[in-house]
Each structure stands twice: as C-alpha cells, then as structure tokens.
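Okay, structure first, notes after.
The values are calculated or read from the model by the stated rules, or taken from the named source; none is laboratory data. This structure is a prediction, so every number in the text was calculated from the model and none was measured. Positions of Cβ are generated from backbone atoms using ideal geometry, with glycine treated the same way; all protein chains shown enter the neighbour counts. The area values use the complete protein model at the heavy-atom level, side chains included, leaving out ligands, DNA and RNA. Shrake-Rupley method; radii C 1.70, N 1.55, O 1.52, S 1.80 Å.
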Amino acid sequence: MKFLKGNRDEFEKLKDESSLEDKAEIIQRQMAEVFGSKNLSFLLGSGCSSLRHDNAELGIPTMKFLAEEFQALLVADAEQEFVSAAQKTELYDKLGIDLSANDVKGNLEQMMAVLINAHQFCKTSEKEELSSVAPLVENIIVGIKEFVLHKCTTGPFSNGDESVVALYRRFYQSLATRARGLAPPWVFSTNYDLFNERAMDRSGIPYSNGFSGTVERRFNPATYRLALAEQLDITSRRWAAVDGFVHFCKLHGSVNWIEEDTGLYPIRESHTLLDPSNDRVMIYPTPSKQTASFGSPYSDMFREFQRQVVQDQSVLVILGFSFGDEHVNNIIFQGLTLPGFRVVAFMDPETNDITRELAALGDPRIWFIWGDGDAAGKKAHYFESVVNHLMPTSADQKIDQTIERALQALLAKEQDTKDGEG
C-alpha cells in the first residue's frame, strides 16, 4: 500500500515490517482530518459499482468490461436482443462504420458518439442511399442503450445479492462521523445505477438528489439550496440541521430519469423500469455528454459540482473514477488553481497520462492512495477496500460491522453443513 502527498511518502518513516493494518491506521487518521474539512465532496465513478468475487461480477462492470462484453455479442452468430452481427455488417457495408474498429471497440461512449453523429447526418441527407440507413443507425443506438440499461439493472444485485449495496451503505454510514455544525457533504456520481439511492434509503439517511415531490418527483435545482432541519424548541422557534444529511448529484443522468414534453419541470424520476427505445430516457453513455451537460438537468448539476469545488477549504475525494471524462476533469483542474482546494484520489498515479501528470506536479494538495490489498487480486484503492478498511469509522459502526461479520460467518457455516448433509 502506498500514500503520496505530492512528492512526500507518508509511509517513509514506517519500519519495513509494518503491516497493512499499520498503514491503514495512518490513512484512517488522515481521512478523519479530511472529514473535518469545512466543505467535503466525493466523486464516485464506475469502479465503485463494480465488485468482482471469484471472477464473478456481483455489481456492474466498468466501461472496459462493458465494451468487451458488447464486442463478444457482435461476433456471435445468433441473433442478439441488443445489436446483432448482421446489423454490424450492414452498418459497415452501407456507411463504412466498423463497430469493432480500434478507436471505438474499447469504449462504448466513443461508439455512441460516432453513431449519434452518423444518425444526424443520415437523417438530414437528401440522398436516398444515406437517409434510408437512418433507421438502422437508430436501431443500433437503441440496442446499445438497451444493453447499458440491462447491465445497470440486471445481475446478482437484482436477485437478492446485497454485496454492492452493503458497501455503499458502509460508505454513507462513514459520512455520519462528520462533526455536527459542518456543511452537509456532497456526493457526485458519474454512474447511472441506483446503488447510492438504495443504500441511503435502507440506512435511513436523509438526502437531496435535486428532485422534489412524492407521487411525481421532478427535477428542481432549487431543492439543493434547501436544508433539512428539526425543531428543538417550539416556544422559541429554535431549529437545528438534521445530522447525516447528504446532497447527491448524478452528473451523467440515471436509469430512472425521463424527459417529458410539457411542464415547468420536465425531468421526472420514475419508479418503474424505463423503455430505452424512448429517446427521452435520461442515460447518455457518450462523449456528447460534454455538449449535453450544457442543458438541464446536467447544467444545473455541473454548476453545483463547480460551486462546491471552488468553496473555501474544499476537499474532493475521488473513488472509482479514472479521469476519463473531460468535462469532469476541467472542473477539477479549475479547483486546483485555488490554494484552498485539495484532491484525495484513491487510484494508482500510473493509471493514465492525466494521473501521471497530476502526480508529477508534486503538489502536496494532491494525494494518491493505492497498492495491494489484504487478499490476492484485491487492491487497497478499490471501493470495497476503502470503505472496509480506510474510511473513518464510529464506535457504533465498528460494533455493527462486527455483528454483520459474525452473522455472515454463521450463515456460511450453516450453508456448509447443509451442503455436507446433501
């Protein structure tokens, strides 16, 4: 495990025989100080919703694995429910677009960008041989959206497995260690899934996600300016902010958002599974997010992200995000121009060119925490390891986690006994 603050190695003074527990304790103490910052924010990427155990994905694959799985569908002989090999061949024959080309095969977002541009071009063309291809391109776009929606809503987590939601619950329970009187933390996510909402709902954590209403919940950015308070004294009208409140922003949309044609607040939060063939479903796995982010609700959410970053004594903790979105990166870079802004990134600084450049700055405001975890194949900077071993933990949380581990051990033992009898 490694911990850099700029050029300084925080483990340099430790003895060679120091254990992972010793290093984790140092990180926990440092993170406890981070949690005491005046303005605290988190940026959660796709890595937080991915959880692999015994080579099985219990959550949602990261974009790399999504792209690999999608490519496997394209080369299959049988007809697929998303995009078939026949559609891929027809697209190449008529437009010369290869869905397995090197510049798109590893990134569904880049693939969607190419297809969206091609669809717009074909729709506006006056040549019959081009305009007639528009339905094919549209069907392929819908197929990719169906694939993304399917992967975000179907898996072990949709069949009773609580592993991923449990990690998110521990994450949000750790936020409760933040001292009273400090501003509520902000959690920004680039994910489309509903793990965050489910974790907060099941833990009874009050939060604002930009939507208001009960039967019809609609996006209204004014809700981010509101606070949740409890009345302490009826006679003197004394109020206090509710502990544990969280502001939550989904920067790239959600699988349960839909845009309607009318109304002052047209973005609605649905409680049912949406039809991805509807072009108003608010999931946008494409670099056109850079352009789409100028429109509501994205402009409002990115405004909140930028506003939080430039706050006095602001800290941004990054988990599961590898600086792959330019429009998100730009706001982080703007924050680094301010002397009071700090970044705590749980990732290997050798992840890509951007992280290497950030590490090369040697700026003590930029922290990198990464390395091997406590088991083979586990990394210390994975979401699972961070929430289980590196986040600040209250006494009540430690008791709850001990009880949970004991129950899991008993259940596993009971299952082994049944298997032995069978």
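Tabulated results
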read-out: Lone unmet requirement of (1) under 29 Å from residue 161 (Cβ atoms); (2) open to solvent by 20 Å² or more (accessible area, probe 1.4 Å) for residue 30; value: (1)
read-out: Restricting the stretch 1-16 to residues that are in a loop (DSSP other than H, G, I, E, B) and touching a residue at least 40 places away in the same chain (Cβ under 8 Å), the residue that is nearest to residue 385 (Cα to Cα); value: 1
read-out: Test: residue in the stretch 220-227 that is within 25 Å of the chain's Cα centre (by Cα), β-branched (Val, Ile, Thr) and buried (at least 20 other Cβ atoms within 10 Å of the Cβ); value: no
read-out: Strands (runs of 3 or more DSSP E) lying entirely in the stretch 188-298 (those with 2 or more residues that are modelled with pLDDT of 70 or more and of a type in the set (Val, Ile, Thr)); value: 253-259
read-out: Any hit, the stretch 52-73, residues being free of Cβ contacts under 8 Å to residues at least 12 places away in the same chain, outside the structural domain of residue 356 (by the TED database) and aliphatic (A, V, I, L, M); value: yes
read-out: Residues being open to solvent by 50 Å² or more (accessible area, probe 1.4 Å) and touching a strand residue (DSSP E or B) at 6+ places or on another chain (Cβ under 8 Å) - total across the stretch 185-216; value: 2
read-out: Candidates 334, 308, filtered to the one that is assigned to a helix (DSSP H, G or I), at pLDDT 90 or above and exposed (fewer than 14 other Cβ atoms within 10 Å of the Cβ); value: 334
read-out: Any hit, the stretch 140-157, residues being among the acidic types (Asp, Glu), part of a loop (DSSP other than H, G, I, E, B) and surrounded by fewer than 20 Cβ atoms within 10 Å (Cβ to Cβ); value: no
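A quick yes/no check of all residues on (1) open to solvent by 90 Å² or more (accessible area, probe 1.4 Å); (2) part of a loop (DSSP other than H, G, I, E, B):
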residue: 69; (1), (2): no, no
residue: 72; (1), (2): no, no
residue: 83; (1), (2): no, yes
residue: 93; (1), (2): yes, no
residue: 97; (1), (2): no, yes
residue: 109; (1), (2): no, no
residue: 116; (1), (2): no, no
residue: 120; (1), (2): yes, no
